[in-house]
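Visitor: Structure incoming, see below.
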Amino acid sequence: MQVYLDNNATTRVAPEVLDAMLPWFRERWGNPSSLHALGAEAARALAEARERTATALGADATQVVFTSGGTEANNLALQGAARALRRRGDHAVTTAVEHPSVLEVFRALEAEGLRVTYVPVAADGTLDADAFVEAVGPQTIVASLMHAQNETGAVFPVEAIAARAKARRKELFVHVDGVQALGKLPPPGEVIDAYTVSAHKVHGPKGAGALRLGRRARVAALLHGGGQERGLRSGTEALPAWVGLGVAALRAHETRRAFASRAQALGSRLRTGIEAAGGVVNSPPNALPSTLNASFPGLPAEPLLHALEARGVFVSTGSACASRKGKRSPVLRAMGLPDERVDSALRFSLSRETTAEEVEAAVGALAEAVAELRARVGRC
Amino acid sequence: MLIHVRYDEVALKGGRRGWFEERLRENVARQLGVPLGRVRRTRGRLLVDLPADADPRAALAALGRTFGVASAAEVHRVPKELAAAEEIAVRLAEELVAAGRTRFKCEVRRADKSFPEGSYAIAARLGARVLEEIPGARVDVHEPEFVIGVEVRDDAIYLHSGGNPGPRGVPTGTGGRALCLLSGGIDSPVAAWFALKRGLHVDHCYFHAFPYTGERVLEKVLSIARTLSRWTPRRVRVFVPSTTEIQDRIAAAAPEPLRVVLLRRAMYRIADAIRSARGHKALVTGEALGQVASQTPENLLCVEAVVPQTLVLRPLVGLDKVEIMERARAIGSYETSILPYQDCCSLFAPRSPETRARPDRCAAIEEELELGPLEEASLRELAVYGIERGGEPERLDERAPPRLRDAATDEPSE
């Protein structure tokens, strides 16, 4: 049996999503900007995809800007806002555990003169709301924080923080990276100026994402050209991908409550199995139940991952992006975990397709893999 | 479409010159994917008659990866009339001047001494015509930026402009075959390349240790082997024995400072069994001196001691890290080598490795650990991949090689 527990990295495309996309490759390839009938039907499909995405995000269709994915949406929000608000100040606030598509944007903006405060997280991975709010000063123009952390599942109280931060600084532009939260947490309210989502984390296609923009939010475009997406994101619309995003996002939204309760049960079963195998859970108590980060002290993470893989169970060390760089997870290090915990950390992430049977199989495989690795390296 | 291939080193090989040239001719034909009949030996050169649909740029690039080639140039063949030669000279100059090279000269060899004009007169006429037709072109016989080469032969006039430098070296395969201990790192592919350059066809041996190393590392190594396979005209084999059980046994019971030396001794024994079964004449490794704490002369000797009958080549011994990286970039293996997928378990590496390992002590420990049966098992379950001139690696259904060799006699041990 193959058990895929790396859903925070990416998910399988749902059959209904693929079915919705295929006609726009095969039979209806028109450009939404074309004036003939093929263009008109593409424009209608685009409008419908936008409606669906907007519904999933608790917004109007006019507020949705489609992008190539979460990274582009984060770039558009942060670079776009920093540029639009350049004259109002020179400071930004974010957290130390953001995704690279946020942190690296700030690093680039720092090179252009922006000052950035990186607010640390507590040892359990939760964010100190007071510290974040207090970092906002009279020169702060942009604040960015994630809704749910990709490695630990920690949930940040984005609306409360945004409201308090804006009380200190009225012009503040607050961006929230909601890539891991879509379908798992309710979309935040209007107090958030820009909210990023991505299709492939919710059984949609790779290469599709969106930025929900507040009605008064102003961002400068990064891609100039034909003026598509209200001039904020030029380029011929990726219609099949965005149709897929619309269907996937709406489905994730509609199944959110059902998934939350299922994930609670499956996550707690998995947690028991992890602890029985000698694992120590790193995710905080308030984390999404579908994300479990755990360390197996004394066992190196990558061989354990491969031992699980040999038993058909696919997990991740840290985030897929961080492991590609072959470095210690900066997120777990930001939590102040000792190297031994960081080096032995695995991430198990569920999706709404995960079954109880799969979780049982994973728990069994984990016990075996840990026993095998202990027998192998316990003697090192 | 003709391509003129020059070679220098092979021309020095005295009595065996004809044999070396023949091997080079075969290699050139294979690298270009053309029938042997299209490559002719002529007056110390090779002349390739490319099929009309062949891409001359791809052919020149392939010759840039053919050891023994000193340079290769596209050659134009015209009837023995100077007017025709002038047309070609103008066309060649036009391209090069457009590319920003303006100072040129004509170099004429008049092999057919019966041709009415002398070489100087021919050069003057062609040069004058180029100056007349191509604005910006200038003659500079001392420091030209390009040379229009002209050869007047019995059958025709041949023209070319410069040409691409080849990798030089000795035609691959003329020295037999070698087996390289290939890892996913930067060094070993460069070592393999140097062995190829000196005339050895190189197959590879990669030691896989699942679950310490994942499939991504195997893929990375196969991808490096694929890059290297573009430098040899013959099928490259990659032998993949597993060292997981051996590593475990060593980690469990051997003195920690000796772990790496003991593992390398096991790897050498396994590689040598493959070498001997497959007829490779040498082992090639990316080892150098003093790069890491454990790479001391004593340790290298201690590892090599397990294969006393085998030539072990370490081409990188004279290079530093910067030189190795530059070479890896030129070969094309660097970008793959720096991918982060690790090829060694950090838990296995000793905190303070032995720097003066002794063969007798290691042998005694190995006896106690009973590594022999584990090494035999590793050989029995060997996976073999084949790669053909840069193609997709393919799993071969080949039988495992026979048993470990007895170190002293090079005979299968009992």
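Visitor: I'm a student and want to see the number: the projected area of the Cα convex hull of the stretch B:144-300, averaged over all directions, in nm².
Guide: 14.1 nm²
Visitor: What residue among A:123, A:220, B:252 has its Cα farthest toward the positive end of the dipole of the protein assembly as shown, where the charges are +1 on Lys, Arg and -1 on Asp, Glu, each on the Cβ?
Guide: Value: A:220.
Visitor: Please sort B:190-196, B:222-228, A:245-251 by packing, taking for each peptide the average over its residues of neighbouring beta carbons within 10 angstrom, highest first.
Guide: Going from most to least packed, we get A:245-251, B:190-196, B:222-228.
Visitor: Taking +1 at the Cβ of each Lys and Arg and -1 at the Cβ of each Asp and Glu, which of B:236, B:47, B:89 sits farthest along the dipole of chain B towards its positive end, judged by Cα position relative to the Cα centre?
Guide: Selected residue: B:89.
Visitor: Return the average number of partner chain Cβ atoms within 10 angstrom of each residue Cβ along peptide A:297-310.
Guide: 4
Visitor: Could you calculate the contour length gain from residue A:314 to residue A:139, that is, 0.36 nm times the residue separation minus the distance between their Cα atoms, to one decimal place in nm?
Guide: Result: 58.4 nm gained on full extension.
Visitor: So what are the three principal axis dimensions of the stretch B:2-165 from its Cα atoms, in whole Å, longest to shortest?
Guide: Dimensions of the stretch B:2-165 along the principal axes of its Cα atoms: 45, 36, 31 Å.
Visitor: Heavy atoms only, probe 1.4 angstrom, no DNA, RNA or ligands counted: give me A:200, A:306 ranked by accessible area, highest first.
Guide: Listed by decreasing accessible area, they come as A:200, A:306.
Visitor: Same structure, new question: Once both labels are modelled 7 Å past Cα along the beta-carbon direction, what's the residue B:22-residue B:361 spacing in nm?
Guide: 5.4 nm
Visitor: So what's the back-of-envelope 222 nm ellipticity for chain B, counting only DSSP H runs of four-plus at -39500 (n - 2.57) apiece and dividing by all residues, rounded to 500?
Guide: Taking each H run of at least 4 residues, the total per residue is -11500 deg cm²/dmol.
Visitor: If you place +1 on the Cβ of every Lys and Arg and -1 on the Cβ of every Asp and Glu, how big does the dipole about the Cα centre of the stretch B:2-165 come out, in debye to the nearest 20?
Guide: Value, rounded to 20: 740 debye.
Visitor: Ok, one more. Quote the charge dipole size of the protein assembly as shown about the Cα centre in Debye, to the nearest 20; the model charges only the Cβ of Lys and Arg (+1) and of Asp and Glu (-1).
Guide: Once rounded to the nearest 20, the dipole reads 1260 debye.
Visitor: How many Cβ atoms of partner chains, on average, are near each residue of B:210-216 if near means within 10 Å of its Cβ?
Guide: Going residue by residue through B:210-216 and averaging, the value is 6.
Visitor: Tell me, how many Å apart are the Cα centres for the stretch A:2-79 and for the stretch A:117-194?
Guide: Cα centroid to Cα centroid, the span is 26 Å.
Visitor: Quickly estimate the mean residue ellipticity at 222 nm for chain A, helices only: each DSSP H run with n ≥ 4 gives -39500 (n - 2.57), and the total goes over all residues, rounded to 500.
Guide: -13000 deg cm²/dmol
Visitor: Let me ask another. Along the positive direction of the dipole of chain B (beta-carbon charges: Lys, Arg +1; Asp, Glu -1; about the Cα centre), which of B:163, B:222, B:309 reaches farthest?
Guide: Most positive-ward Cα: B:163.
Visitor: How high is the relative contact order of the stretch A:72-188, in percent, counting Cα pairs under 8 Å that sit 6 or more residues apart?
Guide: 28 percent
Visitor: Here is a follow-up. State in Å² the accessible area per residue of the stretch B:1-159; use a 1.4 Å probe, count heavy atoms of protein chains only, and round to the nearest integer.
Guide: On a per-residue basis, 50 Å².
Visitor: Another one. Could you work out the Rg to Rh ratio of the stretch B:119-180, with Rh taken as the Kirkwood radius (inverse of the mean 1/r over all Cα pairs)?
Guide: Taking Rh as the inverse mean 1/r over Cα pairs, Rg/Rh reads 1.22.
Visitor: What's the extension gain from residue A:340 to residue A:108 if we count 0.36 nm per residue and subtract their Cα-Cα distance?
Guide: Extending this stretch completely gives an extra 80.3 nm.
Visitor: With +1 on the Cβ of every Lys and Arg and -1 on the Cβ of every Asp and Glu, and nothing else charged, how large is the dipole of the stretch A:15-254 about its Cα centre, in debye rounded to the nearest 20?
Guide: My answer is approximately 700 debye.
Visitor: Right, next: Quick one: what does P(r) look like for the protein assembly as shown with 10 Å bins over all Cα pairs, in whole %?
Guide: Histogram of Cα-Cα distances, whole percents per bin: 2, 11, 16, 16, 16, 17, 13, 6, 2, 0.
Visitor: Quickly work out the residue A:230-to-residue A:374 label distance, labels modelled 7 Å from Cα along the C-beta direction, and quote it in nm with one decimal.
Guide: Once both label points are built, they end up 5.7 nm from each other.
Visitor: Still on this structure, please answer the following. Working from Cα positions, state the angle (0 to 90°, nearest 10) between the long axis of helix A:239-254 and the longest principal axis of chain A.
Guide: 60 degrees
Visitor: Separate question: Residues of the stretch B:146-160 with the amide nitrogen closer than 19 Å to a label point 7 Å from the Cα of residue B:103, along Cα-to-Cβ, please.
Guide: B:146-149
Visitor: Still on this structure: Step by step: find N for the stretch A:15-254, compute 2.2 N^0.38 Å, then divide the Cα radius of gyration by it. What's the final number?
Guide: In units of the 2.2 N^0.38 Å rule of thumb, it is 1.01.
Visitor: While we're on this one: Please give the FRET efficiency for residue A:118 paired with residue B:338, using the beta carbon to beta carbon distance and R0 = 30 Å, rounded to the nearest 0.05.
Guide: FRET efficiency, residue A:118 to residue B:338: 0.60.
Visitor: Count, for each residue of B:245-255, the Cβ atoms from other chains sitting within 10 Å of its Cβ, then give me the mean as a whole number.
Guide: What the average comes to for B:245-255 is 2.
Visitor: For the pair residue A:62 and residue A:41, what calculated FRET efficiency results from E = 1/(1 + (r/R0)^6), where r is the Cβ-Cβ distance and R0 = 30 Å, to the nearest 0.05?
Guide: 0.90
Visitor: If you average the C-alpha positions of the stretch A:101-116 and of the stretch A:233-269 separately, how far apart do those two centres end up, in angstrom?
Guide: Between the Cα centre of the stretch A:101-116 and that of the stretch A:233-269, the gap is 30 Å.
Visitor: Direction-averaged shadow area of the convex hull around the Cα atoms of chain B, nm²?
Guide: The orientation-averaged projected area of the Cα hull of chain B comes to 23.4 nm².
Visitor: Something else now. May I ask for the net charge around residue A:85, where only other residues with Cβ less than 10 Å from the Cβ of residue A:85 are counted and Lys, Arg are +1 while Asp, Glu are -1?
Guide: +3
Visitor: Which residues does a label at residue B:395 reach in the stretch B:219-252, if reach means a backbone N under 19 Å from a point 7 Å past the Cα toward the Cβ?
Guide: B:219-226, B:236-244
Visitor: Sort A:14-25, A:358-369 by the packing proxy (mean of other Cβ within 10 Å over each peptide's residues), most packed first.
Guide: With the highest mean Cβ count within 10 Å placed first, the list reads A:358-369, A:14-25.
Visitor: Gap in Å between the Cα centre of the stretch B:166-185 and the Cα centre of the stretch B:204-221?
Guide: That distance is 22 Å.
Visitor: Now for a different question. Place the peptides B:14-24, B:146-156 in order of packing, highest mean first, counting for every residue the other Cβ atoms within 10 Å and averaging per peptide.
Guide: B:146-156, B:14-24
The values are calculated or read from the model by the stated rules, or taken from the named source; none is laboratory data. Values in this document were obtained by computation on a predicted structure and should not be read as measured data. All Cβ positions, glycine included, derive from the backbone under ideal geometry; neighbour counts span all protein chains shown. The accessibility values were calculated without ligands, DNA or RNA, using every heavy atom of the protein model including side chains. Shrake-Rupley method; radii C 1.70, N 1.55, O 1.52, S 1.80 Å.
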